[in-house]
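For reference, the structure is listed below as structure tokens.
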Amino acid sequence: MSQRNPTISKGVDWSLVWIWFILCAIGVTSIFAASYHEGENVIQGFISLKTDYSRQLLFFIIAGIIGTFILLTDSKFFTATANLGYAFGIFLLLLVFPFHSKVKGTESIIRFGSAFQLQPADLCKLFVNLALAKYLSRVDTNFTRPRSQLIAAAIALVPAMFSIMQKETGLSLVYFSFFLVMFREGLPASVLVIGFSFSVLVVATLLLEPNTLAIILTLIALLAIYILRRQVKRSRSILFLIVGIWFVCVGVQRFVVPFVFDHVFKPYQVKRIYDAIGKDYVPKDQATEAAIESEQKGKKKDNNYNVKQSKIAIGSGGLIGKGLLKGTQTRYDFVPEQKTDFIFCTIGEGFGFVGSILFLGIYALLLMRIVSVAERQRSVFSRCYAYGVASVLFFHIVINVCMTIGLAPVIGIPLPFVSYGGTSLLTFSVMLFILVRLDADRQMVLR
């Protein structure tokens, strides 16, 4: 009878732990650089728990303690409690509706006194990843069947639906990253192609005049019929399929996109999307224009002010940067949300192009290492969970960096391990340490 080795280092991939430590340290340093004011006592600032960087350091320490406990936990615990954790996550999301606090336009935060707040939409990513891995690893799950694919999609999209209802559109989009896990496990590539095509159609709807786009879609349909004319002669179903796709595309262009932009998104969110694609947004009526003005009331900036200031900050860093605590844009609060959504511009201004590339290289190393760890797993559960971690991190990193340089609309996506926020740091840290624990027991077949 074999005995379990009690040492915490047994099988642990310490490279992942060290990368986590480095990124968290960079996060605390960046928040310090963006928060520190001349004349402050640095030591007192770090131990007072009254500054943002001291609170982030506290969450860093708490995350390390929790990570240590995770490394001492039996891997079977995570498979046994995956579905229970998912139910708990849904419960927290439902709890938001009666007990939420409205913070910066979102209604997805629960406050516990004045010192602590929880964002279930952020935390629920962990539970979705575990539950999805649990479902995909079941013996009776045949992922080639549409029923199994729909169930897996529902596991990921139900929390996304609740997030949208809580006006947290940005975090709701993160849940779509789990489709990369499904793709790895056998989801047809056509699904991803359809999703990408839909995104292109939405952008085209915003950029082009309705009649012009309708003509382009018609020409594409006619070209497809001409190219497939021999197949069409043999089977009329192909013709009906092309015509059906044309009707769907025109319907999306004419009705779905206008409805979503007029009735689902807030006016300021629509304006941000238009700003991201480089097109001026003209309100359709006075009510919409009044809503935008109301959202901006009391502010000295327009919707694109954040991105403009962020690009100025990053550009001013030049090749090697101005140095720690020497940036002007971030030190003097020209960039709003510079400790959270726009933390990357603090790094760009302080350490320049070289520092930014090295920083992003650490992320690239982390993602490549996670994928490598995923591929060496014997257990389907561990592999799916690892790809889930990689997918969520990849989505957050790409969207956040693109937000700060104006290549994506501002949707409130934090930079993993670096942006200020206890819920975000703890969630990402727990996700990563669970992966390290599962990898340490990779010789086991978990279900």
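Quick notes
- Of everything listed in (1) more than 19 Å from THR423 (Cβ to Cβ); (2) touching a Ser or Thr at 6+ places or on another chain (Cβ under 9 Å); (3) in contact (Cβ under 8 Å) with a residue 24 or more places away in the chain, the single unmet condition for THR141 is (3).
- Applying the set (1) in contact with a Cys (Cβ under 8 Å, 6 or more places away or on another chain); (2) under 25 Å from ALA408 (Cβ atoms) to LEU217 leaves exactly one unmet item: (2).
- Helices (runs of 4 or more DSSP H) (entirely within the range 207-294) containing at least 1 residues that are farther than 30 Å from LYS308 by Cα and either touching a helix residue (DSSP H, G or I) at 6+ places or on another chain (Cβ under 6 Å) or modelled with pLDDT under 85 (or both): 210-227, 229-234, 236-251
- Some residue of the range 417-439 being surrounded by fewer than 19 Cβ atoms within 10 Å (Cβ to Cβ), farther than 19 Å from ASP341 by Cβ and among the basic types (Lys, Arg): no
- SER429 vs. criteria at pLDDT 90 or above, assigned to a helix (DSSP H, G or I), under 24 Å from ALA133 (Cα atoms) and polar (S, T, N, Q): yes
- Search result, residues across the range 136-174 that are among the basic types (Lys, Arg) and either closer than 20 Å to ARG383 by Cβ or assigned to a loop (DSSP other than H, G, I, E, B) (or both): ARG138, ARG145, LYS167
The values are calculated or read from the model by the stated rules, or taken from the named source; none is laboratory data. Since this is a predicted model, take the numbers as computed values, not measurements. Cβ sites come from the backbone with ideal geometry, for glycine too, and all protein chains shown count toward neighbours.
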